[in-house]
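The values are calculated or read from the model by the stated rules, or taken from the named source; none is laboratory data. Keep in mind it's a predicted model, so treat the numbers as computed, not measured. Virtual Cβ from ideal backbone geometry, glycine too; neighbours counted across all protein chains shown.
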Amino acid sequence: MDIHGICPLLQVFDMPAAIRFYRDLLGFEVHARSEPGDDCSWVWLKLNGAELMLNTAYEADQRPAAPVPTRVAAHDDTCLFFGCEDLDGAYQHLRAHGLNLKEPKVAPYGMKQLWFHDPDGYGLCLQWPAAQQTHDQWVADYGIEPKTLA
């Protein structure tokens, strides 16, 4: 099989809020949507080779007044990892826009990571190699710029 890329589909409670988060805060571009405007039922987002689709969790006439807590809690089992070289800049940007998150830190396996959640409770992790071996592997795998890490 000749498979290319991956594009996860997340079920969201409030599509306009989800679009504002991914488009306006994280910088994704809307590639396609089911209907004009942000109050649509499906959207396909793209940013620097990363792709993500969002779909409303409920039909408009069946949406509850508030998110179902058990459903939102289950979203924490899902985490999307994105490459991001300037994690300190990303941290400052997200904090400046009201996100409550901890500073990036280096994981035992050599990745500097910044963890947070989207409006629906899905985990997001921005990461970049912090160890030379991991960086060298990313050079081979993703074509990032070779360099010697301090």
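For (1) among the small types (Gly, Ala, Ser); (2) free of Cβ contacts under 8 Å to residues at least 24 places away in the same chain, each residue gets a yes or a no:
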| site | (1), (2) |
| --- | --- |
| THR56 | no, no |
| ALA65 | yes, yes |
| PRO69 | no, yes |
| ALA74 | yes, yes |
| CYS79 | no, no |
| GLY83 | yes, no |
| ASP88 | no, yes |
| GLN92 | no, yes |
| HIS97 | no, no |
Exercise for the section: State which residue pairs qualify: first residue free of Cβ contacts under 8 Å to residues at least 40 places away in the same chain and not assigned by TED's automatic domain parsing to the domain that holds GLY49 and inside segment 135-150, second residue among the β-branched types (Val, Ile, Thr) and in a helix (DSSP H, G or I) in any location, beta carbons under 8 Å apart, and separation of 6 or more residues or different chains. Expected result: GLU145/VAL139; PRO146/VAL139
Practice task
Being in contact with an Asp or Glu (Cβ under 7 Å, 6 or more places away or on another chain) and without any contact (Cβ under 8 Å) to a residue 40 or more places away in the chain is the filter here, so list the residues in segment 1-19 that pass it.
Solution key: PRO16, ILE19
Problem - Matching residues in segment 1-38 - criterion: being more than 14 Å from the chain's Cα centre (by Cα) and over 23 Å from LEU99 (Cα atoms) - result: MET1, ASP2, ILE3, HIS4, GLY5, HIS31, ALA32, ARG33, SER34, GLU35, PRO36, GLY37
Handout entry: Subset of segment 74-90 [farther than 18 Å from TRP138 by Cα, modelled with pLDDT of 95 or more and over 14 Å from the mean Cα position of the chain (by Cα)]
Key = ASP88, GLY89
Handout entry: Scan of segment 1-38 for residues that are exposed (fewer than 15 other Cβ atoms within 10 Å of the Cβ), at pLDDT 95 or above and of a type in the set (Asp, Glu), ordered by number
Key = ASP24, GLU29, GLU35
Completion exercise
Among (1) without any contact (Cβ under 8 Å) to a residue 24 or more places away in the chain; (2) surrounded by 14 or more Cβ atoms within 10 Å (Cβ to Cβ); (3) of a type outside the set (Asp, Glu); (4) in the same structural domain as HIS135 (by TED's automatic domain parsing), LYS46 falls short only on (4)
Practice task
Quick one: LEU114 ticks every box in (1) within 30 Å of SER34 (Cβ to Cβ); (2) within 15 Å of the chain's Cα centre (by Cα); (3) not in a loop (DSSP other than H, G, I, E, B) except a single one, so which number is it?
Solution key: (1)
Exercise for the section: Being within 18 Å of PHE28 (Cα to Cα) and either in contact with a Pro (Cβ under 8 Å, 6 or more places away or on another chain) or not in a helix (DSSP H, G or I) (or both) is the filter here, so list the residues in segment 76-89 that pass it. Expected result: CYS79, LEU80, PHE81, PHE82, GLY83, CYS84, GLU85, ASP86, LEU87
